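Trainee: Below you will find the structure I want to go over with you.
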C-alpha cells in the first residue's frame, strides 16, 4: 500500500501516526498543509516527506485556493498514492475533496466536526459537501462517529473510532522528577498543570482567571501552563494583570520526551477547553496517575466520571472551574491517590496506542 498522509502541521500526533504506518510496512508519504513544526523529533524512519508550496505559503484557503489545489493535484499525479488519509476536515480534507481524488479517508481532529460543523453551525452544509466525497471516516471519540453518521451516508463499518492513545509505558507515575520541583517555592507546592495550546478553543484565559480565585484561598498552589500559541501575548498580559507572575509558570511547549516527568511530578491536571474529542494530553495525564479536572464536553465524558476519577465542569466559567480545582486541592490525599490509580487503569485498558492503531490500518486496507 502506498499511503499519502496529509495533515495541517507536523505535531506529536502526526509523528505517532506516521511511525505506526511505517512500522506496519506501509509505504508512507507525508504532506503538510503549512510549514508549521510543533514536534521537535525528526520524521520517523521510513517516512517520505513531500516538499510543496505549503511548506512556505501561509494558509488562507479562500485567498489561495486555486494555487494550493493545483499544487495538490500535481502531487497526486506524480505520487499516485493508493489511498489518502487527510484531516482536519475544513482544511486538508476539503482540499482532497475538491481535488477529485479517490479513495481517501477523512480524518477528524475533533473540533472540526464537533464545533465547526455542529448541528446548526454555519459550517454544517460545507462539511456535508466535503465529506460526500470521502470513502471512510476516522476520529477519536463516539461524538465524532455520531457527527460522521449525521453528515454522511457512510456505512458504520466505514467509520473507525478510537482514542489516539498513548504509550502507557512511557506515560506512567514512575516517569521521574521534573526540574520545576527544584524551583524556589515549587518543591512542596500543589502543582496544577495544563498542556493545552494557547488558542481560543482551549480557553487558557478562563483557566488563568480561575486560578486567580484558587490562589486567594490556596496560596501554596502553583499553575504550570506548558504550551504556547496565537494568544501568547494576551495570556502573559493576563497573568501579570492578575498578579500571578510569581505563582504561574509558562515554560512554553515541553519536548515530548520530557512530558511524562512533567506530568508525573504534578498534583492535578486541568483542561479548560471549550471542545474536546479524546484529548491526548488528558490521556497522558491519566496515564501518569493524575486526578483531572476537565470540561463537561464531548470526548471528556467518555473518560472522566464526576467524583470518581476527576471533576467535570461547564466550559467558559472561571468561577465554576475555580470551584472544581479548589475541591480537588482540599480532597484527602488518599482520595486523590485512588482517583489517580483509576485513571492509570482506565488508560491502560482502553487507550493503549499499539492496541488501537491496527483498526485504522485495517480501514485503509479495506478502503483500498
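Trainee: Quick one: count up the residues across region 2-34 that are modelled with pLDDT under 95, closer than 19 Å to residue 90 by Cβ and touching a helix residue (DSSP H, G or I) at 6+ places or on another chain (Cβ under 8 Å).
Mentor: Summing the residues that are modelled with pLDDT under 95, closer than 19 Å to residue 90 by Cβ and touching a helix residue (DSSP H, G or I) at 6+ places or on another chain (Cβ under 8 Å) in region 2-34 gives 5.
Trainee: Report yes if some residue within region 228-249 is in contact with a strand residue (DSSP E or B) (Cβ under 9 Å, 6 or more places away or on another chain) and modelled with pLDDT under 95; otherwise report no.
Mentor: For region 228-249, residues in contact with a strand residue (DSSP E or B) (Cβ under 9 Å, 6 or more places away or on another chain) and modelled with pLDDT under 95: absent.
Trainee: Right, here's the next one. Before we move on, is residue 23 without any contact (Cβ under 8 Å) to a residue 60 or more places away in the chain and under 22 Å from residue 165 (Cα atoms)?
Mentor: Against the criterion (without any contact (Cβ under 8 Å) to a residue 60 or more places away in the chain and under 22 Å from residue 165 (Cα atoms)), residue 23 qualifies.
Trainee: Under 6 Å by Cβ, and 6 or more places apart or on different chains, what pairs join a residue from region 320-335 that is within 14 Å of residue 306 (Cα to Cα) and assigned by TED's automatic domain parsing to the domain that holds residue 212 with one that is part of a helix (DSSP H, G or I) and modelled with pLDDT of 95 or more?
Mentor: Within 6 Å, the pairs are 321/210; 325/214.
Trainee: Within region 124-172, work out how many residues are assigned to a loop (DSSP other than H, G, I, E, B), loosely packed, with under 15 Cβ neighbours inside 10 Å and at pLDDT 95 or above.
Mentor: Summing the residues that are assigned to a loop (DSSP other than H, G, I, E, B), loosely packed, with under 15 Cβ neighbours inside 10 Å and at pLDDT 95 or above in region 124-172 gives 2.
Residue-by-condition table, conditions (1) touching a residue at least 24 places away in the same chain (Cβ under 8 Å); (2) in the same structural domain as residue 337 (by TED's automatic domain parsing); (3) closer than 20 Å to residue 349 by Cα; (4) surrounded by 21 or more Cβ atoms within 10 Å (Cβ to Cβ):
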{"position": "211", "(1), (2), (3), (4)": "yes, yes, no, yes"}
{"position": "228", "(1), (2), (3), (4)": "yes, yes, no, no"}
{"position": "232", "(1), (2), (3), (4)": "yes, yes, no, no"}
{"position": "241", "(1), (2), (3), (4)": "no, yes, no, no"}
{"position": "245", "(1), (2), (3), (4)": "no, yes, no, no"}
{"position": "266", "(1), (2), (3), (4)": "yes, yes, no, yes"}
{"position": "277", "(1), (2), (3), (4)": "yes, yes, yes, yes"}
{"position": "289", "(1), (2), (3), (4)": "yes, yes, yes, yes"}
{"position": "303", "(1), (2), (3), (4)": "yes, yes, yes, yes"}
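Trainee: Would you check which residues across region 231-257 are more than 21 Å from residue 184 (Cβ to Cβ), part of a loop (DSSP other than H, G, I, E, B) and in contact with a helix residue (DSSP H, G or I) (Cβ under 8 Å, 6 or more places away or on another chain) and list them?
Mentor: Hits for region 231-257 are 231, 256.
Trainee: Residue check: is residue 90 within 19 Å of residue 148 (Cα to Cα) and either surrounded by fewer than 20 Cβ atoms within 10 Å (Cβ to Cβ) or modelled with pLDDT under 95 (or both)?
Mentor: yes
Trainee: If you check 187, 209, which single one turns out to be touching a helix residue (DSSP H, G or I) at 6+ places or on another chain (Cβ under 7 Å) and assigned to a loop (DSSP other than H, G, I, E, B)?
Mentor: 187
Trainee: Exactly one condition in (1) assigned to a helix (DSSP H, G or I); (2) over 22 Å from residue 21 (Cα atoms); (3) modelled with pLDDT of 95 or more is not met by residue 78; state its number.
Mentor: Condition not satisfied by residue 78: (2).
Trainee: Within region 115-131, work out how many residues are closer than 13 Å to residue 150 by Cβ and out of contact with any strand residue (DSSP E or B) (no Cβ under 9 Å at 6 or more places or on another chain).
Mentor: 9
A quick yes/no check of all residues on (1) within 11 Å of residue 10 (Cα to Cα); (2) under 22 Å from the mean Cα position of the chain (by Cα):
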residue	(1), (2)
22	no, yes
27	no, no
31	yes, yes
39	yes, yes
65	no, no
74	no, no
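The values are calculated or read from the model by the stated rules, or taken from the named source; none is laboratory data. Nothing here was measured: the structure is a model prediction, and the numbers come from that model. FYI the Cβ positions are ideal-geometry reconstructions off the backbone, even for glycines, and counts take in every protein chain you see.
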